[in-house]
Amino acid sequence: MAVNLAGKSLISINDLTQEEIWQIFELSSSLKFKLMTGEEHHLLRGKTLGMIFSKPSTRTRVSFEVGIYQLGGIGMYFGPGDLQLKRSESIPDTAKVLSRYLNGIMIRTFDHQDVVELAKYASIPVINGLTDLLHPCQVLADLFTILEKKKTLKGLKFAYVGDGNNMAHSLLHGCSKTGVNISIASPEGYKPLKQIVDNAMENAKSSGSKIEIIDDPVKAVKDADIVYTDVWASMGQESESDKRKKIFKSYQVNSNLVKHAKEDYIFMHCLPAHRGDEVTDEVADSPNSVIFDEAENRLHVQKAIMALLM
Ligand code: CP
Ligand code: NVA
């Protein structure tokens with residue numbers, strides 16, 4: 001079905017329809033092929049993407065900047081402290097001013113509501129490049145990677161082991177929109193937010209996904225097609241790092257744990273990984289690991305997102 005994403009913002013996967021998600025995957029696949037074969041694909045010739053980063057980044061920064069360049073446009077980076085936002089210029093004023101110069105804004109920041117507000121006052125598309133609540137571009141690239149590896153999404157078992165953080169939230173949205181069964185194992189006090197689990201349960205009514213939020217990592221990983229983890233302390237939580245290491249100790253994805261998954265399971269991680277904490281080298285570097293394909297797909301999927309929105 002043809003859908004029109006032009007002019008829209010991408011703040012949460014939960015705002016997308018199933019058709020829109022599949023349209024993103026189709027274009028991602030075609031752009032990936034064109035890049036491989038050297039076919040010109042300047043879908044955003046002369047357009048400018050502003051990229052606002054209040055937190056560090058390797059993958060998001062590089063993949064968006066290279067992506068807009070490959071599409072024939074340019075990216076403009078604003079680090080923490082570069083904009084007058086830092087000196088209390090309001091988000092609505094910033095949104096209105098940037099809309100007069102740019103064709104799109106990608107933003108990575110702390111408070112999710114700041115991104116919602118930026119999108120509300122901007123007249124150009126705003127793309128969420130991670131907030132404390134969500135990381136939608138990562139999860140769209142993750143689902144695209146699963147589709148490449150497993151040739152389907154519906155009915156697969158996805159196990160997420162660890163912190164109920166921004167990754168767990170967007171994975172709940174993404175899996176429940178696309179019919180993937182998701183089992184999340186997190187310690188008490190670190191489970192995904194109820195509001196997000198409710199979104200997923202609602203989506204599951206039409207997609208058929210099974211959603212499970214539990215304590216036991218072994219139960220989550222049992223017969224899983226995909227095993228996923230993320231850091232125990234996210235950006236902004238560095239001071240809790242030692243405390244979290246103790247709490248999450250039994251949630252490490254290691255050789256013992258993945259024995260419970262299907263033999264042909266794939267291991268995924270949004271990266272950066274804290275090797276030796278949430279995942280061991282043995283798993284991250286095993287033949288089942290697809291972490292670098294996953295990182296590469298950020299480029300192809302975000303190019304599709306930019307091309308459809310901008
Ligand atoms: N996965 C991810 O978003 O990585 P960066 O923090 O390096 O952008
Ligand atoms: N949960 C991690 C994801 C990094 C891509 C963080 O927010 O730091």
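We did not get these values from a lab; they are worked out from the coordinates using the rules stated. Only a predicted model underlies this, so the values are computations on that prediction, with no experimental measurement involved. Here the Cβ positions follow ideal geometry from the backbone for every residue, glycine too, while neighbour counts run over all protein chains shown.
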- [ ] Find the centroid of the Cα atoms in region 114-144 and in region 25-66, then give the distance between the two in whole Å.
- [x] 15 Å
Task: Theoretical ellipticity at 222 nm over the chain - DSSP helices of four or more residues, -39500 (n - 2.57) apiece, nearest 500 - done: -13000 deg cm²/dmol
Task: Backbone N under 13 Å from the Ser250 label point (7 Å along Cα→Cβ), restricted to region 155-197 - done: 186-188
Task: For a label point 7 Å along the Cα-to-beta-carbon line of Ile214, residues of region 174-204 with backbone N under 13 Å - done: 182-186
TODO: Assign one of three labels to region 6-58, namely rounded, prolate or oblate, based on the Cα gyration tensor with a ≥ b ≥ c the square roots of its eigenvalues; rounded applies when a/c is under 1.5, prolate when it is not and a/b is larger than b/c, and oblate otherwise.
DONE: oblate
Task: aspartates and glutamates whose Cα lies under 17 Å from that of Lys86, excluding same-chain neighbours fewer than 8 positions away - done: Asp111, Asp114, Glu117
TODO: Quick one: of Lys149/Lys262; Lys222/Lys259; Lys151/Lys177; Lys32/Lys177, which pairs are farther than 20 Å apart, Cα to Cα?
DONE: Lys32/Lys177
- [ ] First measure r as the distance between the Cβ atoms of Lys55 and Asp93, then evaluate 1/(1 + (r/R0)^6) with R0 = 25 Å and state the FRET efficiency to the nearest 0.05.
- [x] 0.65
- [ ] Could you calculate the FRET efficiency of Asp242 with Asp15 from 1/(1 + (r/R0)^6), where r is the beta carbon distance between them and R0 is 35 Å, rounded to 0.05?
- [x] 0.40
Task: Pairwise centroid distance, computed over Cα atoms, of region 252-296 with region 153-219, Å - done: 18 Å
Open item on the list: Using a Cα-Cα cut-off of under 18 Å, which lysines could be cross-linked to Lys246, ignoring same-chain neighbours fewer than 8 residues away?
Closed with: Lys191
- [ ] Classify region 197-301 as rounded, prolate or oblate, taking a ≥ b ≥ c as the square roots of the eigenvalues of its Cα gyration tensor: rounded when a/c is under 1.5, otherwise prolate if a/b is larger than b/c and oblate if not.
- [x] rounded
- [ ] Classify the chain as rounded, prolate or oblate, taking a ≥ b ≥ c as the square roots of the eigenvalues of its Cα gyration tensor: rounded when a/c is under 1.5, otherwise prolate if a/b is larger than b/c and oblate if not.
- [x] prolate
Open item on the list: Here is the link list: Lys96/Lys303; Lys194/Lys243; Lys47/Lys96; Lys150/Lys303; Lys47/Lys150; Lys120/Lys150. Which ones come out longer than 27 Å on Cα distance?
Closed with: Lys47/Lys150; Lys120/Lys150
